[in-house]
Each structure stands twice: as C-alpha cells, then as structure tokens.
1. On the given criteria, is Ser156 of a type in the set (S, T, N, Q), under 26 Å from Gly64 (Cβ atoms) and touching a His at 6+ places or on another chain (Cβ under 8 Å)?
2. Need pairs with beta-carbon distance below 9 Å; first residue within 19 Å of Val210 (Cα to Cα) and without any contact (Cβ under 8 Å) to a residue 40 or more places away in the chain and within region 174-195, second assigned to a helix (DSSP H, G or I) and of a type in the set (Asp, Glu); sequence gap 6+ or separate chains.
3. Inspect region 61-84 for any residue being within 15 Å of the chain's Cα centre (by Cα), among the aliphatic types (A, V, I, L, M) and within 23 Å of Glu201 (Cα to Cα) and give the result as yes or no.
4. Specify the residue that is surrounded by the fewest Cβ atoms within 10 Å (Cβ to Cβ); the eligible residues are those in region 153-185 that are in contact with a Leu (Cβ under 7 Å, 6 or more places away or on another chain) and under 25 Å from Ser22 (Cα atoms).
5. Give me a count of the residues in region 102-119 that are more than 18 Å from Lys166 (Cα to Cα) and more than 12 Å from the chain's Cα centre (by Cα).
Amino acid sequence: MIPPARSPIFPFPSLAPAKDRSLRIAFDYADPGSYLTHALLERWLDPEERRAVEWLPLELRPPGRPLLDPDEPGWREMTRHLSEEARALGIPFDPPPFVPHTRKAMELALHARDRDIFEEVHTALFRARFVEQRDLGRIDELVSIAEAEGLDPAESRTVLGVDRFKPAIEEYRESLFGEGVRGTPTLMGRESRLEGFHGAEKVKIFLSEVRRS
C-alpha cells in the first residue's frame, strides 16, 4: 500500500497557519524541473513549511525501460533551458552527463521518511545529482549519502538490497497515473495543478493560488 499521507498543512509565510491548505508534488530525482522546484521551495519556505509539503515519487523511467538518453534533442534542450533558468536564479546546476534510474534513490527517501529525516535525505539526493554529479543509480553512492545524513549504512544497504519499498514506489506511480499525472514536476493543490517547470514566477503564482483556495 502507499504509505498514508501525513495530513500536510501548507501555511504560507504571509499568513497565519491555515488548515486544509496542502501542496503535493510528483517528482523524480533525475528531473531538472523537480530539482529547481525543490530549490525554490527551500528558498521561500521555512523548515516547518517544507516538511509539510507531500513529495510523491514518480519514476520517469522505471527499471526494465531504457534509460533516458541525455543527448535526445528534447531532453537536451530542456536541460539547457533549465540550466539558464538556474543560473539566473542563482541555483547551482551541474548534473552529470547521464540520466540514472532513480528507483533506489526513491526507496532510500521512503526509508528516510520512516526514520523521520526525509527532508534531509531528500535534499541530499537532489544535491548529489545536480551539484555533486553523483550517480543515484549506484547503491554504494546512496548508502554514502544515507550515512552522511545520519542513517545507519548497514540498514540502508539492506533496505535497498531487499527492495523493501519497491511496492510503495510502484503504487505511487499507479495512483498518480490514476489522478491524471503524466510527468514531473506536477504541483497539486486542493483545486488546481501546475504541470512541468515553467519558471520561478509560474511556481510563485501557483503557490498564491493554493493560498487562496
């Protein structure tokens, strides 16, 4: 089963905390738009508010499907455009010249959530790919990231090795597809959604719409 949501509350900085305002985000650690969305929320929200966002893993290429080709024209152009966007925003952006499978990175994130350090590991995984050029498809790299953020490395290696969170990742994908989500990032409020990354201003406008809903 998909682990139950933690009833996320999303109080905006300009408002007193308000119930029933939530933000859910479908993401993939390989996706530059997901990374930039995360970086903007890190910049705009305080730690408590960031922890209230519900991040929903959605693999761009599940195991068994070919890896994304970074030289594919559409992907290359998207990455170039978002690199320019990141530079303009002052966000570090230096992904490696390959696109890994991210199933195991997502499994590690769910393990971190069970240990109450999701936000720290979630941030570290994005940083590892888009700043440090690390391969999120390698178990040894993921265990190193886990240990650096305070998780037990032996337990993390075991959890990843036995595919403990594989069913949850697959059910997240099925559930999101059932909601009509087809790509990342997809930001979802109670009454609206924003598909794809179309610049910081679009994200800010969407957050304002969520605030008013």
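Quick note: the coordinates plus some simple rules give every number you see, no bench work behind them. Quantities reported herein were computed from a predicted structural model and do not represent experimental measurements. Every residue, glycine as well, gets a Cβ built from its backbone with ideal geometry; the counts of neighbours run over all protein chains shown.
1. Yes.
2. What qualifies is Glu191/Glu209; Ser192/Glu209; Leu194/Glu209.
3. There is no residue in region 61-84 that is within 15 Å of the chain's Cα centre (by Cα), among the aliphatic types (A, V, I, L, M) and within 23 Å of Glu201 (Cα to Cα).
4. So, considering only residues that are in contact with a Leu (Cβ under 7 Å, 6 or more places away or on another chain) and under 25 Å from Ser22 (Cα atoms), the one surrounded by the fewest Cβ atoms within 10 Å (Cβ to Cβ) is Ala168.
5. So the answer is 2.
Residue-by-condition table, conditions (1) more than 25 Å from Met188 (Cα to Cα); (2) assigned to a helix (DSSP H, G or I):
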position	(1), (2)
Glu48	no, yes
Glu77	yes, yes
His81	no, yes
Glu85	no, yes
Pro100	yes, no
Leu108	no, yes
